[in-house]
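The next block holds one structure in the form of structure tokens; read it before the comments.
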Amino acid sequence: MTQYLVHCHIPGINLGDLQALQRAVIETSRRFSAEGKPVHYVRCTFVPGESHVMVLFEAPNASFVRDVNEMALVPFTRVVEAIDVSA
């Protein structure tokens, strides 16, 4: 599956809010997958000094990822294809 990075700018977000957002996208991804629209949450990275959150997903297309984030009420700015080069 292709990986997609979701960019979010969320001024004032704190760790508790971030954990709630994370739970929402994980649960919504599971529901989508159960409905035959495979979306897998991979991880979230938070840059607190910039109020920037990046969420990595695996899915067959960006549309599924966009739909998951809209359904989970995540205030994202864009969804882009990404390549994870973790060691």
Only one of VAL25, VAL47, VAL80, VAL55 is loosely packed, with under 15 Cβ neighbours inside 10 Å and closer than 11 Å to VAL6 by Cβ. Can you tell me which?
VAL80
Condition first: at pLDDT 95 or above and acidic (Asp, Glu). Now tell me which residues in segment 42-87 satisfy that.
GLU58, ASP67, GLU70, GLU81
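Check every one of the strands (runs of 3 or more DSSP E) wholly within the chain and list those with 1 or more residues that are of a type in the set (Gly, Ala, Ser).
Working: elements: 2-9, 40-47, 52-59, 76-82.
In the chain, the matching strands (runs of 3 or more DSSP E) lie at 52-59, 76-82.
Going by the structure shown, is ARG66 on the phi < 0 side of the Ramachandran plot and surrounded by fewer than 16 Cβ atoms within 10 Å (Cβ to Cβ)?
On the way: on the phi < 0 side of the Ramachandran plot: yes; surrounded by fewer than 16 Cβ atoms within 10 Å (Cβ to Cβ): no.
Considered against the rule, which asks whether it is on the phi < 0 side of the Ramachandran plot and surrounded by fewer than 16 Cβ atoms within 10 Å (Cβ to Cβ), ARG66 comes out as no.
Look at ALA34 and say whether it is over 15 Å from TYR4 (Cβ atoms), over 12 Å from the mean Cα position of the chain (by Cα), among the aliphatic types (A, V, I, L, M) and modelled with pLDDT of 95 or more.
Details: over 15 Å from TYR4 (Cβ atoms): yes; over 12 Å from the mean Cα position of the chain (by Cα): yes; among the aliphatic types (A, V, I, L, M): yes; modelled with pLDDT of 95 or more: yes.
When the stated conditions are applied, ALA34 passes them.
The values are calculated or read from the model by the stated rules, or taken from the named source; none is laboratory data. Computed from a prediction, not measured in an experiment: that's the story for all the values here. Glycine gets a Cβ as well: all are built from the backbone with ideal geometry, and neighbour counts include every protein chain shown.
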